[in-house]
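The structure appears below as structure tokens.
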Amino acid sequence: MENFRKVRSEEAPVGGGAEGGGPGSSPFADLAPGAVHMRVKEGSKIRNLLAFATASMAQPATRAIVFSGCGRATTKTVTCAEILKRRLAGLHQVTRLRYRSVREVWQSLPQGPTPGQKPGEPAASLSVLKNVPSLAILLSKDALDPCQPGYQPPNSHPGPSSQPTAPTSKRSLGEPAAGEGSAKRLQPEPSAAEEDRTA
């Protein structure tokens, strides 16, 4: 692929159904009409996504929000949903994983004619069909059906879920912690011969 460059990338048309679906199809069929849909992309900033999502969920009319992303944006999608669940307690979650077909069109670089190509012919192109993972996470203030696949109930205790750690001893600012060496290197004591040279 070193002699090719990507010209375009488009979502391949796929038939309907639970696994497929076009760019506008939602994996949540019974979603309320006032739900907010956040499309997370690879270059999206998490702080911008969460600022809008938090402000939207603070409104009483908004009862649900969907974070969706595909390809390299799936990890960012999960991160956004988990941070929002920590900020707003009592959210019910349903996660759906699907695959989307993406067609990439590559065109050969103009390095001269390829074997068998006549001068004046257009450059050779290559079409690649990829199946890319797509993730959609529904967070709802209202109770959802706990029997559906991918359901997670709200956290029983809000706040960060950190395990208690071992107690740390208090020390003064100048003291190294246990197991740490001092930052200074110890210099050897000057010998008598070195003192004579300096004098």
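The values are calculated or read from the model by the stated rules, or taken from the named source; none is laboratory data. Only a predicted model underlies this, so the values are computations on that prediction, with no experimental measurement involved. Counting neighbours? That spans all protein chains shown, and the Cβs are built from the backbone with ideal geometry, glycine included. Protein only, heavy atoms only, side chains kept; ligands, DNA and RNA dropped before computing areas. Shrake-Rupley method; radii C 1.70, N 1.55, O 1.52, S 1.80 Å.
Annotations for the structure displayed:
- Taking each residue of segment 42-57 that is over 10 Å from LYS76 (Cα atoms) and looking for partners that are hydroxyl-bearing (Ser, Thr, Tyr) and not in a helix (DSSP H, G or I) with beta-carbon atoms closer than 6 Å, six or more apart or interchain, yields SER56/THR62.
- Within segment 72-100, being closer than 23 Å to GLU11 by Cβ and either among the basic types (Lys, Arg) or modelled with pLDDT under 90 (or both) holds for ARG72, LYS76, ARG96, ARG98, ARG100.
- Scope segment 129-142; condition over 16 Å from MET57 (Cβ atoms) and either open to solvent by 70 Å² or more (accessible area, probe 1.4 Å) or under 14 Å from the mean Cα position of the chain (by Cα) (or both); matching residues: LEU129, LYS130, ASN131, PRO133, SER134, LEU135, ALA136
- The one condition from (1) touching a Leu at 6+ places or on another chain (Cβ under 6 Å); (2) not in a helix (DSSP H, G or I) that THR62 does not meet is (1).
- Selection from segment 88-98 of residues that are assigned to a strand (DSSP E or B) and surrounded by 15 or more Cβ atoms within 10 Å (Cβ to Cβ): HIS92, GLN93, VAL94, THR95, ARG96, ARG98
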